[in-house]
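The values are calculated or read from the model by the stated rules, or taken from the named source; none is laboratory data. What you are looking at is a predicted structure, and each value in this text was computed from that prediction instead of being measured. Heads up, the Cβs are rebuilt from the backbone with ideal geometry, glycines too, and the neighbour counts pull from every protein chain shown.
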Amino acid sequence: MGEGRGAGINGILLLNRLLLAGCFLPVAIGRLSNISGLAAALTLKGMPYGDVVATLIVLAEVFGPLALIFGFAPRLSVSVLIAALVITTGTMHRFWDYGGLNRQAEQAIFLSHLGVLAGLLFYGLMGPGDWSWQGWWRGLSAKAKPAKGKRKQPSRPRTPKPRPAPARPVADEDELADAA
C-alpha cells in the first residue's frame with residue numbers, strides 16, 4: 001500500500017503517527033502510576049468491572065502508542081486504541097450530564113477526543129507508510145525476491161526437446177487410386 005509514495009506523504013504519515021502517540025503517552029504514564037484511581041473513577045461512573053477495564057485501558061494506552069510510533073501492527077493498534085478511546089470518552093466525559101462551566105469543559109474534552117478518533121481512523125485507512133517498521137520489513141523482503149518479469153538464465157544451454165510430427169489425416173483408398 002505504501003509502495004511508490006513520495007517522501008512528502010511518508011513524512012505526513014510519520015508525523016500523524018507521532019502526534020497520535022503524543023496524545024496518548026502522557027495520559028497513559030499518569031494512569032500507569034494510578035490505575036486504582038482510574039478504576040475508581042470508572043466504577044463511580046457506572047462501568048462494570050472497573051478495575052479490569054482500567055487495566056486493559058492502561059495497557060492499550062501504553063503499548064498502542066509505541067506500536068503507532070514504530071508502525072507495528074497498524075490495524076490492531078488502531079482498533080485497540082479506538083476501543084480504549086471510546087470507552088474512556090463515553091464513560092468519563094459525558095458532557096450532557098453537566099451544566100455551566102463543567103459542561104463546557106467536558107464538551108471540549110469530548111470533542112478533542114473525537115478529533116483524535118478521526119486521526120486514528122485516518123491512520124487505520126492509510127497505513128503507516130514506508131517510514132515504519134512495516135515499510136522497512138517490506139523493503140527487506142522485496143530485496144530478497146527477484147524482480148517480476150526477469151527470468152533467471154539457465155546455468156548451461158539446454159538442447160531443445162524433439163517435437164512430434166504433426167498428424168496428417170489418413171486418406172481413403174479412392175483418393176490414393178486417383179492420385180496414381
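Please determine whether any residue of the stretch 107-117 is under 23 Å from Trp131 (Cβ atoms), surrounded by 13 or more Cβ atoms within 10 Å (Cβ to Cβ) and modelled with pLDDT of 90 or more. Within the stretch 107-117, one or more residues are under 23 Å from Trp131 (Cβ atoms), surrounded by 13 or more Cβ atoms within 10 Å (Cβ to Cβ) and modelled with pLDDT of 90 or more. From the list Leu59, Leu76, the lone residue that is free of Cβ contacts under 8 Å to residues at least 40 places away in the same chain, in a helix (DSSP H, G or I) and farther than 20 Å from Gly129 by Cβ is Leu59.
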